[in-house]
Amino acid sequence: MNRDFVAPAPESLLVADFTHVATRTGVVCVAFVVDTYFRRVVGWSAATSKETRLVLDALERALWQRGRDEHPMSGAS
């Protein structure tokens, strides 16, 4: 990538990262997945510890969002 975050098409370049934020009651870890074409977060997760599940949950949410975008809900059934 060489820090070139411009994607030619949706879902052609996803980037992921995680960080932690100090709060009054402790630390919150947040992982997120960004579709660089749309420049939007497509998956995220928060937890109180940096474990593999934190990142996997963010990836699973990104996949869920992808399926939802491909099959949007239409009116009441």
Please list, in order along segment 3-18, the HN-Hα scalar couplings obtained from phi with the Karplus expression 6.51 cos²θ - 1.76 cosθ + 1.60 (θ = phi - 60°), rounded to whole Hz, x for Gly and Pro.
6, 9, 9, 9, 9, x, 7, x, 6, 8, 8, 10, 10, 10, 7, 9
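Find the relative contact order for the chain and round it to a whole percent, using C-alpha pairs within less than 8 Å whose residues are 6+ positions apart.
23 percent
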Using helices alone, what [θ] at 222 nm do you get for the chain, with -39,500 (n - 2.57) per DSSP H run of 4 or more residues, divided over all residues and rounded to the nearest 500?
-8500 deg cm²/dmol
The helix 52-70 Cα axis meets the longest alpha-carbon principal axis of the chain at an angle in degrees, between 0 and 90 and rounded to 10, of 20 degrees
Along the three principal axes, how long is the chain when you take its alpha carbons, biggest first, rounded to the nearest angstrom?
43, 41, 21
How far apart, in nanometres, would the label points at TYR37 and THR19 be if each is projected 7 angstrom from Cα along the Cα-to-Cβ direction?
2.6 nm
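Where a number appears in this text, it was derived from the coordinates with a stated rule and is not lab data. Quick caveat, the model's predicted, so the values are computed rather than measured. Don't worry about glycine lacking a Cβ; one is built from the backbone with ideal geometry, like all the others, and counts go over all protein chains shown.
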